[in-house]
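Quick notes on the structure that follows.
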Amino acid sequence: MSASTSRSASRPDVAILGGGLSGRLLAWQLIRAGARVALFERGDADGSSAAGWVAAAMLAPLAEAAVAEPSIVEMGAAGLERWPSLIDGLPEHVFFQRNGTLVVWHQPDRAEAVMFDRRMRANAPPALLRGGVERVTGAQLSEVEPALAGRFQEGWLLPNEGQLDNRQLLRALAAGLAKAGAELHWHTEIAEGAYPDAGLVIDCRGLGARGVLTRLRGVRGEVVRIHAPGVGLRRPVRLLHPRYPIYIAPKENDLYVIGATELESEDMSPMTVRSALELLSAAHSLTPAFGEARIIELNVNCRPALPDHLPRVQWDGARLLRVNGLYRHGYLLAPAVTGEACALAQALMQSTGGQVGVGHAFDWETWRASRPWPDLFRHG
Ligand SMILES: Cc1cc2nc3c(=O)[nH]c(=O)nc-3n(C[C@H](O)[C@H](O)[C@H](O)COP(=O)(O)OP(=O)(O)OC[C@H]3O[C@@H](n4cnc5c(N)ncnc54)[C@H](O)[C@@H]3O)c2cc1C
């Protein structure tokens, strides 16, 4: 971002409110583009207050196509390609792999597989489906995922899908931002309307922005973290089931995230017994080898969702952007959504010499129409 000659030396170009997933990733892109960035987060540098802390961080555009509309799948596929370059240059290790997603089902639930297949094919672009879906027999499954040998008669391997370690990412972004000279304000809650002084303010507070984004709601999600040495799943596995669809996402060091419930509630209280039983029973039905796993954590947070379940980058016409609505696809979509927010911030700053909102005429419609996902943007 080009420096304005008139700006004060201490005033940041951009103040970001909320240092969860979207806030940190956007800050990282802005600082790499040359902006002076200040980040304000009510929680800690680890990111433990964020929905992004609890997430499984699967990057699965095709598997999600069964429950999400085509624009999510397209943005997600683009995001998956961009993760390696975003992680590159961070000062700490972040586990990222593209070893695919495996989808399996118990034979009585075969109807679920038919529905999953139909919805996935309806919402995914042909280019993503080509080479992106492989039918595997029970015998092939033993080679693809030895931990599940003999457990299922068939499944699908979606070989191009990815995953990352969310907590490593949040920590590495904090470290990268500190190293790059960002102004970092942890344990700093920003009250509504009391925004910091900056050329541009970007609100990435997730559910914390509900006071101003009145149609935003939280969707409660619960996950279990277990330690299961010796099971050795190679990739996230989704178990289709009419009542208890679950995933198990392996992390490094034999850690697994089993998730996730999806409840129409903003209740952040601890996990219910019912949810714990459902998640753990489903995991045990995947392979009894999980029976000896140790339960490390039971986690709860709420996904920030707009009524259409689509993300938004909203400009107020002056100095404020809001990035929100990442719902259950935050990790999948964040590269595309924050990349677009970064592009808008840069365009606004450059077109006004750093004086965003001060009597300038930014050609919003032309700019928006030039972007790959114009519907992402709102004005007003
Ligand atoms: C159980 C679960 C599983 C998930 N699994 C996946 C998955 O596998 N793949 C995937 O792509 N996505 C997944 N997600 C979704 C993903 O985690 C979210 O979409 C994403 O975290 C949203 O990012 P965000 O930055 O908008 O919000 P958050 O990550 O919640 O960050 C918002 C930040 O703002 C801070 N904040 C709020 N109010 C204030 C304030 N007033 N002042 C200062 N700071 C404030 C909060 O402390 C928080 O750190 C999952 C989510 C859940 C809950």
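Computed from the coordinates by the stated procedures, all read-outs in this text should not be read as laboratory data. In this text the structure is predicted, and so the values were computed from the model without any measurement. Quick reminder, even Gly has a Cβ in these numbers, built from the backbone with ideal geometry, and neighbours come from all protein chains shown.
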Problem set entry | Rounded D (µm²/s) - the stretch 194-328, Kirkwood Rh over Cα pairs, Stokes-Einstein at 37 °C, 0.692 mPa s | 195 µm²/s
Exercise. In whole Å, what is the distance between the alpha-carbon centres of the stretch 151-183 and the stretch 327-344?
Worked result: 14 Å
Seminar exercise, completed: By the Cα gyration tensor axes a ≥ b ≥ c (a/c under 1.5 gives rounded; else a/b larger than b/c gives prolate, otherwise oblate), the shape of the stretch 50-95 is oblate
For this session: Using amide H atoms built 1.01 Å from N in the peptide plane, name the residues 5+ places from VAL313, or on other chains, whose amide H lies under 5 Å from its own.
Result: PHE377, ARG378
Seminar exercise, completed: Output ordering of 126-134, 30-38 (per-residue mean of other Cβ within 10 Å, highest first) is 30-38, 126-134
Problem set entry | Neighbour-count ranking [beta-carbon atoms within 10 angstrom, fewest first] of LYS251, LYS179 | LYS179, LYS251
Problem set entry | For the stretch 98-212: relative contact order, % (alpha-carbon pairs under 8 angstrom, 6 or more apart) | 29 percent
For this session: Starting with the highest mean, order 102-108, 367-373 by the number of other Cβ atoms within 10 Å, averaged over the residues of each peptide.
Result: 102-108, 367-373
For this session: Between beta-carbons, use under 10 Å as the cut-off and find the net charge around PRO196, counting Lys and Arg +1, Asp and Glu -1.
Result: -1
Exercise. Reported to two decimal places, what Rg/Rh ratio describes the stretch 87-174 when computed on Cα atoms with Rh from the Kirkwood expression?
Worked result: 1.08
For this session: Considering Cα pairs under 8 angstrom that are at least six residues apart, work out the relative contact order of the stretch 281-380 and quote it in whole percent.
Result: 27 percent
For this session: Rank PRO242, PRO311, PRO196 by mean-square fluctuation in a GNM of the chain with C-alpha springs under 10 angstrom and give only the top-ranked residue.
Result: PRO242
Problem set entry | Net charge of neighbours whose Cβ lies under 15 Å from the Cβ of PHE40, counting Lys and Arg as +1 and Asp and Glu as -1 | -2
For this session: Using only Cα atoms, locate the centre of the stretch 37-116 and the centre of the stretch 200-225, then give the distance between them in Å, rounded to an integer.
Result: 17 Å
For this session: Please report, in debye to the nearest 20, how large the charge dipole of the chain is about its Cα centre when each Lys and Arg carries +1 at its beta carbon and each Asp and Glu carries -1 there.
Result: 260 debye
Seminar exercise, completed: DSSP beta bridges in the chain: the antiparallel percent, rounded to 5, is 65 percent
For this session: Decide, for the stretch 173-228, between rounded, prolate and oblate: order the square roots of the alpha carbon gyration tensor eigenvalues as a ≥ b ≥ c, take rounded if a/c falls under 1.5, and otherwise choose prolate if a/b is larger than b/c, else oblate.
Result: oblate
Exercise. Per the Cauchy relation, a quarter of the hull surface: what is the mean projected area of the convex hull of the alpha carbons in the chain, in nm²?
Worked result: 18.2 nm²
Seminar exercise, completed: Dividing the mean separation of Cα pairs under 8 Å (6+ apart) by the residue count of the chain yields a relative contact order in percent of 23 percent
Exercise. Which order, highest average first, do 180-193, 273-286 follow once you tally other Cβ atoms within 10 Å for each residue and take the mean per peptide?
Worked result: 273-286, 180-193
